[in-house]
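Computed from the coordinates by the stated procedures, all read-outs in this text should not be read as laboratory data. Note that the structure is a prediction, hence the values are computed from the model and not measured. Here the Cβ is made from the backbone with ideal geometry for all residues, glycine too, and neighbour counts use every protein chain on show.
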Amino acid sequence: MSDALPFLLAFALGLALDLLPAASPPTWPFLVFLSVYFEVSPFAIAACGVLGMTLGRYVLLRYVPKLGDRFLGDAQRENVEFLGGKLKKSRRAALSFTFFMCMVPLSSTPFFTAAGMARIPPGHLLPAYAAAKLLAYSVLVYASDFAVHSAAEWRAMLVSWKGALGIVLSLGVLGAFLFVDWKLLVVEKRFALRFRSRPREER
C-alpha cells in the first residue's frame, strides 16, 4: 500500500481540484512535490494525476448544467448555447480547440464550466484534455523533478556541458510556463513576460 500511496494521492488531488467549477490551484506543483518527496517516476505521477483530473472534468461536465439552469441569466444562457452549438457541430474542431486550450498554462476551468453549461458531450472534450495535460504535465513534472534533484549537484554538473544544458533547459521550461503572459499571447497575439498579477480591473 505504501508503494501505491504517492500515485493514489496524485489521482485524488487531480480529481479533487478538477471537480471545482471555480478557479483552483494548478495541479502540477502538487505532483512535483509527490514525485520529489516519494522519489518516484515523474511520468507515472503525472499520468495518475491526469487520470484523476480527467475524471474530475467528466463529473464537472455532468453536474454543471444543473447549476447553469439555476443561476444563469438570459444573456449568459444565450452565450453558452452559442458556444455549445459551435462545438457540438464538429467533434474534430472541439477536440482541436480543447487541446490548444489545455496546452497553454491558462486555467481551463472557465472553459469546462461554460462547456458543461452548454451541454457539450464529454467525448468532444475529454480525449483532447487528457492528451494535452499528459503531455504538458509530463514535461513540467519531469523538468521540475530534474531541477530539484540536480540542485545539490550543480557545482559538479556545471563542469559537464550536458549537465549545464539540462539544468538550463529545465529552468527554461518552468520559466516559460510561469512567466510568459499567455493570456496576452493567445488573445492579442503579443508576446510579453509577466512577473506580477494584473490589476483587478484587467482580469
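For the pair R91 and F191, the difference between a 0.36 nm per residue extended length and the Cα-Cα distance amounts to 33.0 nm.
Let's test the formula: R0 of 22 Å, r as the Cβ-Cβ distance of F43 and S2. What FRET efficiency results, to the nearest 0.05? Provide the component values of the computation, followed by the final result.
Values: r = 20 Å, r/R0 = 0.92.
Calculated transfer efficiency: 0.65.
Across the cross-link table entries K66/K133; K86/K189; K89/K189, which are compared at the Cα atoms, the separations over 25 Å belong to K66/K133; K89/K189. The listed peptides 89-98, 5-14, ordered by packing as a protection proxy, come out as 5-14, 89-98 (highest mean of other Cβ atoms within 10 Å first).
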